[in-house]
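Structure record follows, encoded as structure tokens.
Throughout, read-outs are computed from the coordinates displayed, never taken from laboratory work. It should be emphasised that the depicted structure is a prediction, and the values quoted were computed from it without experimental measurement. Don't worry about glycine lacking a Cβ; one is built from the backbone with ideal geometry, like all the others, and counts go over all protein chains shown.
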Amino acid sequence: MDARPEPSPDVCALREALAACPPVARARLQAALAALSRLPSSDRAAALAAALRNGSDPEAVVPGRGAPVAPRAAAALIPPHGGYEALASYRAAEIVYDATVVFCERFIDRRSRTHDQMVQAARSGKQNLAEGSVDSATSKKLELKLVGMARGSLEELLRDYTDFLRQHGRARWDKNDPRARAVRRLAYVENRTYGTYETHVRDGSAEVAANPIICLIHQANYLVDRQLQALEQAFLRDSGFTERLYAARQQQRRQPRPP
């Protein structure tokens, strides 16, 4: 019995990327990679090319291993969606929310409308990103709207922090201030959370607590802006749910009816 061929470097790299995929896409990729791993190296390129061209199973299109299967069906009516917890923009907004809750408990009177407004603006930035990711299954337009609302909430929160520093006579750190640079470097910490910044927010003065959060909001805004640009391009390039629904209905009507 022949030994199974060793996986190629590309297959190994793709396996490492599986963890970042949504569950539906992960299952499909795992099936394709399993098929590719069973093929000799000389056959893999041909199998991949044929699979991409015809939508076939990679193992089925190699000479001597069976005839090509029928082209793949149209894209799923409801595509993979959700997975917002893996979005860099959502993770940044979550840190902003957690930090804002602590900041407001320490420095803003609970009876003040500003306390509630800042916490709600931070929450809205996070929650709208999550809701937009889930609603993307049936409405890219709604996803764009919700992500845009998240961006607006974060901008509102940024203004609240800068107003606080100005009205209380506290300094706003310049971007080249060594303290601001130190905070920005924390963005490269693996799996960063609110805990990465907790000592600034929980133990520092109002100035030391507010300025790192301002830096975090700028980072979140940058990520949300990039997300909006990607969503805009996808909205223009890909068909929406209504178009897919119409195409599926038309395809169903063209099929012959049983006698």
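Okay, here's what the table says:
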read-out: Pair Asn176, Asp109: separation of 7 Å Cα→Cβ label points (nm); value: 4.0
read-out: Sequence of Phe164, Phe235, Phe103 once ranked by neighbouring C-beta atoms within 10 Å, starting from the fewest; value: Phe235, Phe164, Phe103
read-out: Mean projected area (nm²) of the alpha-carbon convex hull when segment 84-246 is viewed from all directions; value: 10.1
read-out: Förster radius 41 Å - calculated FRET efficiency between Gln233 and Thr162 (Cβ-Cβ, nearest 0.05); value: 0.80
read-out: Potential lengthening between Asn191 and Ala88 on full extension [0.36 nm per residue; Cα-Cα distance subtracted]; value: 36.1 nm
read-out: FRET efficiency for Lys141 and His218, using Cβ-Cβ distance with R0 set to 25 Å, rounded to 0.05; value: 0.35
read-out: Residues Glu207, Glu94 arranged by fewest to most Cβ contacts within 10 Å; value: Glu207, Glu94
